[in-house]
Amino acid sequence: MFTCPLGTGFISTGWMELLKHLKKKLVLLFITALFLFLVFTLKTPSTYKSNPKSSVPPSACSMRISEQTITPLNNTKHLLVSAYMDQRVKDFDIRIIGIFRRDSIQPLHCFFCCAGYLSETTPATILQHPDNYGFPFVTTDVMCQIPQNCNATHITLLTTPDKQSPSTHQWLPIRNKDTVGQKEENMQFDFTICISNLFGDYNNVLQFAQTLEMYKLLGVNRVVIYNTSCGPELDRLLQSYSDEGFVEMVPWPIDKHLNPSRGWLHSEHGGDLHYFGQLTTLNECIYRSMERSRYVLLNDIDEIIMPYQHEDLMSLMNMLRNQHPNAGVFLIENHIFPKKHFEPSGRFHLPQWNGVPGINILEHIYREDPARNIYHPYKMIVRPRMVEWTSVHEVIKNFGERYKVPLDVCRIVHVRVALLGSLTLEQLNVDKRLWDFQEKLIPNVDKVLKRVGMLKLTQN
């Protein structure tokens, strides 16, 4: 009889199938559990990981990092702008650029974030710039020394040496940490222009576009502009250049903190601070450019530093550097082209520019000779790493030599109101240097004006 053996074989086969099925399920459960364990382990930070140097949680330094260009300093009347690594001056590591009230200077203490933990404080050295022109607020540098074994990433200032809660302070990031050992020729830019400051309803669109396009032809890579306010058309043009990457717009809301003056002398113009903080922004721009630009041009928005024997600025600077290898400051004399005198043929009175706000610099070819019996201003091309402090028309502290560039080599083309208004055309010099670039300059200006919708489209 075969009934019993047949039944036993059937049951054994069934159990085998069931075990295989369970085995597959167990394998799947194990893989799923392992996957979930790995996901949660990798995504969830360990609460037991410690840093033996930390006196506070690692996030403490990042609680209130200032993202503003002007930061009020707690418990003072002062303003902080930016912090830079600067070890060129003995016994100091960090330079904070600020705007301090002159009659309220008090002892301050440097407080560092050291890659996640807080340092002990170190005493601050406060250095006021000499050019205050009688205003109550002045550009000020605060010099700090980094404590030993501190990889400083951020800094703030305290009014007492006691460490306080980091959450009550605005921390400034420390910039230019990669400057040490970097060679000039390896920098991102050859030439940067520092322009300060735009304020009010300034709307000289045509001259500004011509100036920037002229600088492009001369080899400038970057223009830094500190902007408080300007006219609507100029604002549109600036935004276009910013989108292109040629202009770096730095917000400068100084009028939200102080009553800035529109003039240069307190006794005549009043206010808290010289020319909307012009001296502060010029110095800040030099340090901002120190690790990324070989040369910095310090000039106004309506001035062109123009080489007269070279086709571009790099050719000019190569010659000057070969002749004066130790110079870090090159002084360029300012020459005014009065805007009331026009070139008589009207050759460059172009119809497509009608209606564009501003001055057409190609129409002004008559140049004043400077009155050398009175003070005559210069503007500058500098090697930023060789400058410590600058004023508007001269460098106050530098580490190398200064050189006045001859007029036949380079001068400033400055189309503006006449300085010597009584001079007749016969007493002025004809200077058509800008015309040497007109074949490239005009179409380039047309292109940017068209891009922002300001070019007259009814041209032939």
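Side notes on the structure shown:
- Length-normalised contact order of the range 67-213 in % [C-alpha pairs under 8 Å, at least 6 apart]: 23
- Approximating the spin labels as points 7 Å out from Cα along Cα→Cβ, the GLU184-to-LEU419 distance works out to 2.8 nm.
- In range of the label at ARG175: residues from the range 240-267 whose backbone nitrogen is under 14 Å from the point 7 Å along Cα→Cβ: 248-252
- Between LYS404 and GLU244, the simple label model (points 7 Å from Cα in the Cβ direction) yields a spacing of 3.6 nm.
- At a probe radius of 1.4 angstrom, the accessible area of the range 59-136 per residue rounds to 42 square angstrom.
- Loop sites in the range 261-321: GluC sites (Glu not before Pro), DSSP, at most 11 other Cβ within 10 Å: none
- Applying the criteria of a DSSP loop state and at most 15 other Cβ atoms within 10 Å to the chymotrypsin sites (Phe, Trp or Tyr not before Pro) of the range 375-407 yields TYR375, PHE399.
- Accessible area per residue for the range 188-317 is 32 Å², calculated with a 1.4 Å probe on protein heavy atoms, without ligands, DNA or RNA.
- Gyration tensor verdict on the range 127-230 (Cα atoms; rounded if a/c is under 1.5, prolate if a/b is larger than b/c, oblate otherwise): oblate
- Estimated inter-spin distance, GLU120 and LYS256, nm [label 7 Å along Cα→Cβ]: 3.8
- Sulfur and carbon atoms: percent of accessible area, the range 65-203 [1.4 Å]: 46
- Accessible surface area normalised per residue over the range 391-460 is 59 Å², counting heavy atoms of protein chains with a 1.4 Å rolling probe.
- Note on the range 294-442: with neighbouring protein chains present and a 1.4 Å probe, carbon and sulfur make up 50 percent of its accessible heavy-atom surface.
- Sequence-distant residues sharing a close amide H with ILE65 (under 5 Å, placed H): TRP171
- The phi torsions of the range 203-214, fed into the Karplus equation with coefficients 6.51, -1.76 and 1.60 and a -60° offset, translate into couplings of 9, 7, 5, 5, 5, 5, 5, 5, 5, 5, 5, 5 Hz, rounded to whole numbers, with Gly and Pro shown as x.
- Cα-only Debye scattering, the range 215-259: base-10 log of I(q)/I(0) at q = 0.17, 0.19, 0.27 Å⁻¹: -0.55, -0.65, -1.00
- Charge tally for PRO351 (other residues, Cβ to Cβ under 13 Å; Lys, Arg +1; Asp, Glu -1): +1.
The values are calculated or read from the model by the stated rules, or taken from the named source; none is laboratory data. These numbers come from a predicted model, not from an experiment. Note: ideal-geometry Cβ built from the backbone for every residue, glycine included; neighbour counts use all protein chains shown. Calculation scope for accessible area: heavy atoms of the full protein, side chains included, ligands and nucleic acids excluded. Shrake-Rupley method; radii C 1.70, N 1.55, O 1.52, S 1.80 Å.
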